[in-house]
Amino acid sequence: MTIKLLFEQLKEIRKSISIPLILMGYLNPVMQYGIENFCKKCKETGIDGTIIPDLPLEIYEAEYKEIFRENSLSNIFLITPQTTDDRIRKIDAASTGFVYMVSSSSTTGIKGAVNEVQISYFERIRNMKLRSKQLIGFGISDKTSFKKASCYANGAIIGSAFVKALAGQGTIESKVEAFLQRFL
């Protein structure tokens, strides 16, 4: 997969999709493509935001914030249970989309119920009364974890479980429908 191929695959997406679209990936391929070219292509394609986990806030603010703004592109930052309150406030101030709350220190795609340690973290963030909306991700893989996480934020992100649901036989439409039924 390349960024060039990704944009080629997405070039017609706004003809059939109207929901916000966010690309998630790492900084190195974006830098290889060219940050300004990437942001312009996102705008041209109809991409609303990015999640680039290894883009430091300080580098974003010093070098790229204006390029993102010029291209109407939000950059979503991640926080974890270990992120200090001061850092969370800086991320909140820089955010133009939402704050991505990583639910735990685990790897994405790990299943598990929302536990008391996570709930304490979710409550800590909620009590900070951030300006930006917060969405919880990592470990959200079923109806129970989705509902529980959504009680503490503006919503939850189901990433790896969705990608896994697309594997195997059948049409994409039928697999997406079956996946969504798990959460109703």
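Results, tabulated for the structure shown:
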{"quantity": "Relative contact order (percent, whole number), the chain, Cα cutoff 8 Å, 6+ residue spacing", "calculated": "14"}
{"quantity": "Calculated [θ] (222 nm, deg cm²/dmol) that DSSP helices of n ≥ 4 give over the chain, each run adding -39,500 (n - 2.57)", "calculated": "-12000 deg cm²/dmol"}
{"quantity": "Per residue convex hull volume, Cα atoms of segment 1-61, in Å³", "calculated": "85"}
{"quantity": "Base-10 log of normalised Debye intensity for segment 3-158 (one unit scatterer per alpha-carbon) at q = 0.19 Å⁻¹", "calculated": "-1.21"}
{"quantity": "Gaussian network model of the chain, Cα within-10 Å springs - most flexible of Ala149, Ala167, Ala93", "calculated": "Ala167"}
{"quantity": "Theoretical gain in end-to-end length, Ile172 to Glu44 [0.36 nm per residue, Cα-Cα removed]", "calculated": "43.5 nm"}
{"quantity": "With at most 13 other Cβ atoms within 10 Å, longest stretch of the chain clear of loop trypsin sites (Lys or Arg not before Pro) (DSSP)", "calculated": "12-110"}
{"quantity": "Extension gain from Ser16 to Ile67, taking 0.36 nm per residue of separation minus the Cα-Cα distance", "calculated": "15.6 nm"}
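A short reminder: the numbers here are calculations on the coordinates, not readings from a lab. Since the model is a prediction, treat every value here as computed from it, not as a measurement. No Cβ is skipped: glycine too gets one built from the backbone with ideal geometry, and neighbour counts run over all protein chains shown.
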